[in-house]
Amino acid sequence: ELEPTAAPKLMPTNSAQDAERRLLTICFVDLVGSTQLALRFDPEELREIMHGYLGTVAQVTQADGGHVARYLGDGVMSVFGWPHAYEDQTERAALAALDSVRRVRELRLRPELPLDVRVGIASGHVVVGDTGDDTEIAGPAPNLAQRLQSSAEPGQVIIDKNTHDHLVGRFRLIEQPPVAAKGFDNAVPAFLLAESKTLAIRFRPDAPAAQQAMVGREAELALLIGTWHEACAGRAQTVLVEGEPGIGKSRLVSEFRRNIGLASRDTIGLQCVDYRSGSAFFPVQQALERLCGFAHTDDREARRRKLKRFVRNRVNDQPLALSLLAALLSIETPEDDARIAGSTADAKRSTIEVLVELT
């Protein structure tokens, strides 16, 4: 492995952008076995492999709203919360870390060349700014993320206590032995980020506000209930509830479901997130992954087997549905599969038809 790089240096006084004090989540991704790769491959081949790996991690990071601060040999340090701050930036970092592990494992840049990474995440206050060529960060979080990454096994994501406290309830977290991190006086608490749980619901039925009577939405609630009865009578209905943020849309829907006794097992919940606004199918992808029972540790073949089991007996043309949904979920489709050949518009229309049939 490459030796850990030096700690990020302090902000220079002539930075292109004024330094700011921010609460950031730092994610450090490192390639496993880079020394062996360097000995095994010609430098030009190694460069191509590294370019594919680094590009994949950068793409995942940016898709989840992160910023690649710098490349450190075969490592990638990214920040979540700068230059744009998000209230869910720690969750974004966690999703990006898990996605990076999976996407790198799925890379086949050379025949029979499995790749793997280890990841460390730490959150804390830092001073951050852009020098024009680099992102400079002063504070303990970058060092801690790198030390946690060094303690991880291949394929693991190890996080610190601050990150853990932000992710409780949203991810499965497993306590690990404290890490003796170089430069820190005491061993630091560490946790394994195992996998994401079901997407958090914006309005939970057990929230304090849900225990209070809803006021002022009787007409809207009655309309929803009436539409439900129309649907039960065989007349298909679609209802759009729209309005400004914070006016109670989620509460209205929750109250509607409670009034008609609609158990959660009878519905499929789809929830958008702002950092995936460019992907119209993202909520559907998330729901399919839950319905198929995908686990973070599943490889491509395991995911394909679970998808095939889910599709079985649910649609008429199972091979077509499997091909379309595999493409939607970024599961590699065999090259000789001509089932989804045609224009992007044709594939999209066929995918929607399969999704409608599934429901």
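Between Gln237 and Gln318, what's the calculated FRET efficiency when r is the beta-carbon distance and R0 is 25 Å? Round to 0.05.
Working: r = 29 Å, r/R0 = 1.17.
Once the sixth-power term is evaluated, E becomes 0.30.
Along each of its three principal axes, how wide is the spread of alpha-carbon positions in region 31-104, in whole angstrom units, largest first?
So the three principal-axis extents are 44, 22, 16 Å.
Less than 14 Å from a label point 7 Å out along the Cα-to-Cβ axis of Leu107: which backbone N atoms in region 69-84 qualify, by residue?
71-77
What's the long-distance tail for region 92-140, i.e. % of Cα pairs beyond 11 Å? Intermediate results must be reported in sequence, preceding the final value.
Values: 885 of 1176 pairs.
Roughly 75 percent, rounded to a whole number.
Contour minus end-to-end for Glu218 and Leu192, with contour as 0.36 nm per residue of separation and end-to-end as the Cα-Cα distance? Can you show the working numbers first?
Working: separation 26, 0.36 × 26 = 9.36 nm, distance 4.63 nm.
Stretched fully, the Glu218-Leu192 segment lengthens by 4.7 nm.
Tell me, in nm to one decimal, what length is gained between Gln36 and Ile268 on full extension, where the rule is 0.36 nm per residue of separation less the Cα-Cα distance?
On the way: separation 232, 0.36 × 232 = 83.52 nm, distance 4.62 nm.
That pair, Gln36 and Ile268, stretches by 78.9 nm at full extension.
With a 1.4 Å probe and all protein chains in place, put Tyr86, Tyr53 in order of accessible area, largest first. Walk me through the numbers before you get to the answer.
Numbers: Tyr86 70, Tyr53 0 Å².
From most exposed to least exposed: Tyr86, Tyr53.
Stretched out fully, how many nm does the piece from Leu358 to His51 gain, at 0.36 nm a residue minus the Cα gap? Mind showing how you got there, number by number?
Numbers: separation 307, 0.36 × 307 = 110.52 nm, distance 3.91 nm.
So the extension gain works out to 106.6 nm.
The values are calculated or read from the model by the stated rules, or taken from the named source; none is laboratory data. As the structure is a computational prediction, the values presented were derived from the model and not from experiment. No Cβ is skipped: glycine too gets one built from the backbone with ideal geometry, and neighbour counts run over all protein chains shown. For the accessible areas, the whole protein counts, side chains as well, though only heavy atoms, and no ligand, DNA or RNA atoms are used. Shrake-Rupley method; radii C 1.70, N 1.55, O 1.52, S 1.80 Å.
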